[in-house]
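Peer 1: Quick one: the structure is below, questions incoming.
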Amino acid sequence: MLKDFAKLQTFLTVVKEKSFSKASAKLGISQPAVTQQIKFIEDYLDTKVVERKKNGIRLTKEGEDLFRIATRLEKAILNSEKELLKIINKDFTFVMGASYAIGNYILPSYIGAIKDKIDNEVHMQVALSAEIIEQLEDKKIDIALIESPVFHDGIIYREWVEDELVMFSNQPIPKNLRKEDLYKFDWICRDENSHTRKLTSEVFEEIGVECSSFNVIGVVASTTAIKESIAHAPKSGRPVVSVVSRHVISNEIENGTLYEARIKNYKITRKFYIAYSKERKHDAFIDNVVNFLLSIKV
């Protein structure tokens, strides 16, 4: 069994995720396959290592011993992979694709660190989430960072960080908005293909707000265009507002040039995802970048 570390990797993932189903999603294999690999380990060792519970899993004493051994093996393998990367020393360009909020306002801070991780040049493509996934499927990019779950077969999706959508203006507006307050503003909206617009529309519909009754003065295609439109809007009269990821305007909120607001008693959140091809789930370069991204605090 030690010659086939993939099964032990499955065991480690089940323990770390505390769930067979979450381990399945993380590894990009079916849940029955996860169960089968755990059973193989138990048959090989002739002992039970994992017990399923309603609220997760529990390791047996033998399972705890196996976890300690497998963890040491995993660390040794990771260190060996780093040495192998130095030997391989491939000269190539690693291409990352990202949706607008991530590519323009989060990822640029980490490009240098990612380059150091893989010791190669890193390029970045920015587009809508659906377009980025298409590029990933066409093998034009190596890793995708998206803000909407565009799930396709053949791709592994890893939850990355939680994002919050907020309303904002260049004028002070109430921090907690009632639904009737939303009709008092002029609006800059994202285009209809934007996940931000779709998610916001769903929330407004849920709370009984008719977006068709808004006074919309413009529709734009990117988060940057929205932020610039609001920043240069008149600072008197009816406030001009829009909705963006809080990551996009965090600096302006901090320095007082823009003002954020939320719907009273309501928080609009979503997950950002890391995506890559199942064909490359054992690729050392992909592993290095994914593990780095999962380790950072955005």
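The values are calculated or read from the model by the stated rules, or taken from the named source; none is laboratory data. All values reported here derive from a predicted model rather than from experimental measurement. Heads up, the Cβs are rebuilt from the backbone with ideal geometry, glycines too, and the neighbour counts pull from every protein chain shown. These area figures cover heavy atoms from the full protein model, side chains too; ligands, DNA and RNA do not enter into them. Shrake-Rupley method; radii C 1.70, N 1.55, O 1.52, S 1.80 Å.
Peer 1: For residues that are in contact with a helix residue (DSSP H, G or I) (Cβ under 6 Å, 6 or more places away or on another chain) and among the small types (Gly, Ala, Ser), scanning just the stretch 19-29, find the one that is modelled with the lowest pLDDT.
Peer 2: GLY28
Peer 1: Here's a follow-up. Strands (runs of 3 or more DSSP E) wholly in the stretch 212-298 with at least 3 residues that are free of Cβ contacts under 8 Å to residues at least 40 places away in the same chain - which ones?
Peer 2: Qualifying strands (runs of 3 or more DSSP E): 215-220.
Peer 1: Still on this structure, please answer the following. Out of the stretch 150-200, which residues are closer than 21 Å to GLU252 by Cβ, aromatic (Phe, Trp, Tyr) and either without any contact (Cβ under 8 Å) to a residue 40 or more places away in the chain or assigned to a strand (DSSP E or B) (or both)?
Peer 2: PHE168, TRP187
Peer 1: Further question on the same structure: Taking interchain pairs and intrachain pairs at least six residues apart, which have beta carbon atoms under 8 angstrom, with the first residue in the stretch 110-130 and within 24 Å of GLU192 (Cα to Cα) and the second β-branched (Val, Ile, Thr) and open to solvent by less than 70 Å² (accessible area, probe 1.4 Å)?
Peer 2: GLN125/VAL95; GLN125/ILE132; GLN125/ILE141; SER129/ILE146; SER129/VAL150; ALA130/VAL150
Peer 1: Sticking with this one: Every residue in the stretch 100-121 that is modelled with pLDDT under 90, open to solvent by less than 40 Å² (accessible area, probe 1.4 Å) and not in a helix (DSSP H, G or I), please.
Peer 2: Scanning the stretch 100-121 gives a single hit, ASN120.
Peer 1: Condition first: touching a helix residue (DSSP H, G or I) at 6+ places or on another chain (Cβ under 9 Å) and farther than 9 Å from SER169 by Cα. Now tell me which residues in the stretch 228-242 satisfy that.
Peer 2: Within the stretch 228-242, just ARG238 meets the criteria.
Peer 1: Suppose the filter is of a type in the set (Val, Ile, Thr) and farther than 23 Å from GLU192 by Cα; does ILE253 pass it?
Peer 2: Working: of a type in the set (Val, Ile, Thr): yes; farther than 23 Å from GLU192 by Cα: yes.
Yes; evaluated as a whole, the condition is true for this residue.
Peer 1: Let me ask something else about it. Among the listed residues VAL49, VAL34, which satisfies the condition of being at pLDDT 85 or above and in contact with a strand residue (DSSP E or B) (Cβ under 7 Å, 6 or more places away or on another chain)? Show your work before the answer.
Peer 2: Working: VAL34 fails: in contact with a strand residue (DSSP E or B) (Cβ under 7 Å, 6 or more places away or on another chain).
Unique residue meeting the criteria: VAL49.
Peer 1: Does LYS264 satisfy the criteria of being more than 22 Å from the chain's Cα centre (by Cα) and surrounded by fewer than 17 Cβ atoms within 10 Å (Cβ to Cβ)?
Peer 2: Values: more than 22 Å from the chain's Cα centre (by Cα): yes; surrounded by fewer than 17 Cβ atoms within 10 Å (Cβ to Cβ): yes.
Answer is yes for this residue.
Peer 1: Which one of these is open to solvent by 100 Å² or more (accessible area, probe 1.4 Å) and at pLDDT 90 or above: LYS75, LYS82, LYS39?
Peer 2: Values: LYS75 fails: at pLDDT 90 or above; LYS82 fails: at pLDDT 90 or above.
Checking each option against the conditions leaves just LYS39.
Peer 1: If I filter the stretch 267-293 down to residues being out of contact with any helix residue (DSSP H, G or I) (no Cβ under 7 Å at 6 or more places or on another chain) and polar (S, T, N, Q), which single residue comes out as least open to solvent (accessible area, probe 1.4 Å)?
Peer 2: Filtering the stretch 267-293 down to residues out of contact with any helix residue (DSSP H, G or I) (no Cβ under 7 Å at 6 or more places or on another chain) leaves 267, 269, 271, 273, 278-279, 281-283, 287, 290-291, 293.
Next, only the ones that are polar (S, T, N, Q) stay: 269, 291.
Values: THR269: 54, ASN291: 81 Å².
Filtering the stretch 267-293 for residues that are out of contact with any helix residue (DSSP H, G or I) (no Cβ under 7 Å at 6 or more places or on another chain) and polar (S, T, N, Q), the one least open to solvent (accessible area, probe 1.4 Å) comes out as THR269.
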